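The values are calculated or read from the model by the stated rules, or taken from the named source; none is laboratory data. Computed from a predicted model, the values in this text were never measured in an experiment. In this analysis, Cβ positions are derived from the backbone assuming ideal geometry, glycine residues included, and neighbour counts consider all displayed protein chains.
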Amino acid sequence: MAYNLLKGKKGIIFGALNEQSIAWKVAEHAVEEGAEIVLTNTAVSIRIGTIGNLAEKCHTVVIPADATSVEDLETLVDKAMEHFGGKFDFVLHSIGMSPNVRKGRAYYDLDYGFVEKTLDISAVSFHKLLQVLHRKDAINDWGSIVALTYIAAQRTFAGYSDMADAKALLESIARSFGAVYGASHHVRINTVSQSPTMTTAGTGIAGMTDMFDFADKMSPLGNATADDCANYIITLFSDLTRKVTMQNLYHDGGYSKMGLSADVLRTYIAGKEK
Ligand SMILES: NC(=O)c1ccc[n+]([C@@H]2O[C@H](COP(=O)([O-])OP(=O)(O)OC[C@H]3O[C@@H](n4cnc5c(N)ncnc54)[C@H](O)[C@@H]3O)[C@@H](O)[C@H]2O)c1
């Protein structure tokens, strides 16, 4: 059901690769809620993924940009402003990639060239984006910017490797830039810490299926899906959350507040008795 929460609002959505992507669901929900959007991803992801189908469905364009390139981000923001006929109201940063995770490098054996790429793609790209938006004064007053993160920024998860460090940096950038952008333009910046989700990036993490099941059993409400996540992000883009900024907001069915659930304990005992 749509509530017209984003009627008259315009925004850029990064990171829709295919139908499983969290950004894909956010794009669909944003348009259902009355927003006009521009989609973006890297040239390679546009080629290998199915973002063209999403653009058709959302009656919009896809503008290629590598989020690690300030030049690409400048061109993207200029073109989006041209497309919208002026400033816009929201941005979703839904970007993550670690070559160390992809190549199965253990945390005690990281390749530092890969670490630089992980941090640049998954965290520093957020600062680059915010700096370009701020410099170009591209966001309307009381606009909203959201980036996606994971609880591995606060607690250690086997297999998440240097992505944990990238997410900690991403959340810090959201806080630090949130202070600047809030004071200068009333623009809010938050991160949403999402449950494990079966997407291309998600399934790249070693042991993802078991991690997904464990989180699902641990969370009183069960794992939040990509669709649930999109609904939450829509509220953050809407005028209903105008005073929420610089926060890391858990969207995880209660997982982050749990120590041990009865369900996980039962599974552990059953495993011991085998
Ligand atoms: N899937 C999960 O379990 C989970 C949980 C919590 C948070 N997240 C976060 O959600 C976000 C979206 O991931 P997803 O799970 O939807 O997976 P996904 O693979 O669908 O999306 C990741 C996107 O990042 C894009 N990307 C990679 N390098 C880029 C670059 N240089 N410039 C621009 N875009 C680039 C990819 O093209 C892709 O569209 C990521 O930040 C991820 O860490 C995912």
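Quick notes on this one:
Condition check ((1) within 15 Å of the ligand (Cβ to nearest atom); (2) in a strand (DSSP E or B)) across all residues:
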residue	(1), (2)
Ile95	yes, no
Ile121	yes, no
Phe126	yes, no
Leu130	yes, no
His134	no, no
Trp142	no, yes
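- Qualifying residue in region 150-166 (condition: away from the ligand (no atom under 16 Å from the Cβ) and either touching a residue at least 24 places away in the same chain (Cβ under 8 Å) or surrounded by 22 or more Cβ atoms within 10 Å (Cβ to Cβ) (or both)): no
- Residue selected from region 52-64 under the condition within 12 Å of the ligand (Cβ to nearest atom) and not in a helix (DSSP H, G or I), by the criterion surrounded by the most Cβ atoms within 10 Å (Cβ to Cβ): Ile63
- Hits in region 17-51 (condition: touching a Lys or Arg at 6+ places or on another chain (Cβ under 6 Å) and within 10 Å of the ligand (Cβ to nearest atom)): none
- Residue under evaluation Val187, criteria (1) touching a helix residue (DSSP H, G or I) at 6+ places or on another chain (Cβ under 8 Å); (2) within 16 Å of the ligand (Cβ to nearest atom), criterion not met: (2)
- Residues of region 65-93 that are without any contact (Cβ under 8 Å) to a residue 12 or more places away in the chain and more than 14 Å from the ligand (Cβ to nearest atom): Glu82, Gly85, Gly86.
- For region 190-208, the tally of residues that are modelled with pLDDT of 95 or more and more than 9 Å from the ligand (Cβ to nearest atom) stands at 2.
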